[in-house]
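Q: Have a look at this one.
Taken together, the values in this text are just the output of simple stated rules run on the coordinates, not laboratory data. This structure is a prediction, so every number in the text was calculated from the model and none was measured. So basically every Cβ, Gly included, is an ideal-geometry build from the backbone, and we count neighbours across all protein chains shown.
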Amino acid sequence: MSSNVPETLRKYVVTDLPKYVEVGGHHKPAPFWIMPDMFPGVKLRVAGAEASKMVGSPHAVPHTHEGPEIYLAPSEEKGALVIEVQMDDEKFLVEAPFAVFIPPGIKHCFRVVTCQKPHYVLGIMLADWQQPKP
Ligand code: ZN
């Protein structure tokens, strides 16, 4: 398909996605939809995979990072997707739609328990996040 994005705006439109990136703890390169500096000044990192292809097999071993991560499942169909989240020694089930905040330094991963039809689970990493003042 040819693009009709105006020349001056092309830097704001990225379509050669996803970018596959090796990530610590993950079994294979993870598909990224937004990368740091893809857009001017944006330090956000968004990975995401289609969950119906991940049922039962964890995408990563429990791992930590310096910044926080948000697991996001934007779904209008309640319960169509269920994941088991591990945070440190706790494991719990979460039903889509969900957003789960993983604080920095918490060991985490998830496993897809049920996914009846294609749904995305996004991992949003906030590189320039700052601890709120108490
Ligand atoms: Zn992670």
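Q: Under a 5 Å amide H to amide H cut-off, with H placed in plane at 1.01 Å, what residues pair with Arg45 once short-range neighbours are removed?
A: Met125, Ala127
Q: For each of Phe32, Phe110, Phe39, count neighbouring Cβ atoms within 10 Å of the residue's Cβ, then give the residues from fewest to most.
A: Phe39, Phe32, Phe110
Q: While we're on this one: Packing-wise, with mean Cβ within 10 Å as the measure, how do 42-55, 12-25, 80-93 rank, highest first?
A: Highest mean packing first, the order is 42-55, 80-93, 12-25.
Q: Placing unit charges on C-beta atoms (Lys and Arg positive, Asp and Glu negative, everything else neutral), compute the dipole magnitude of the chain about its Cα centre in debye, rounded to 20.
A: 180
Q: If you take the charge dipole of the chain about its Cα centre, with +1 on Lys and Arg Cβ and -1 on Asp and Glu Cβ, which of Ile124, Pro6, Ala80 is farthest toward its positive end?
A: Farthest towards the positive end: Pro6.
Q: If you don't mind, there's one more thing I want to ask. Karplus couplings for the range 85-102 from phi (6.51 cos²θ - 1.76 cosθ + 1.60, θ = phi - 60°), rounded to Hz, Gly and Pro as x?
A: Per-residue couplings from phi come out as 9, 10, 10, 6, 8, 9, 10, 8, 8, 9, 9, 5, x, 8, 9, 10, 8, 10 Hz.
Q: Now for a separate question. Points 7 angstrom from Cα along the Cβ direction at Leu93 and Gln130: gap in nanometres?
A: 4.1
Q: Picking from Leu44, Phe92, Val21, whose Cα lies most toward the positive end of the charge dipole for the chain (charges on Cβ: Lys, Arg +1; Asp, Glu -1)?
A: Value computed over the given set: Val21.
Q: Counting only pairs 8 or more residues apart or on different chains, how many lysine pairs in the chain have their Cα atoms under 22 Å apart?
A: So the count works out to 14.
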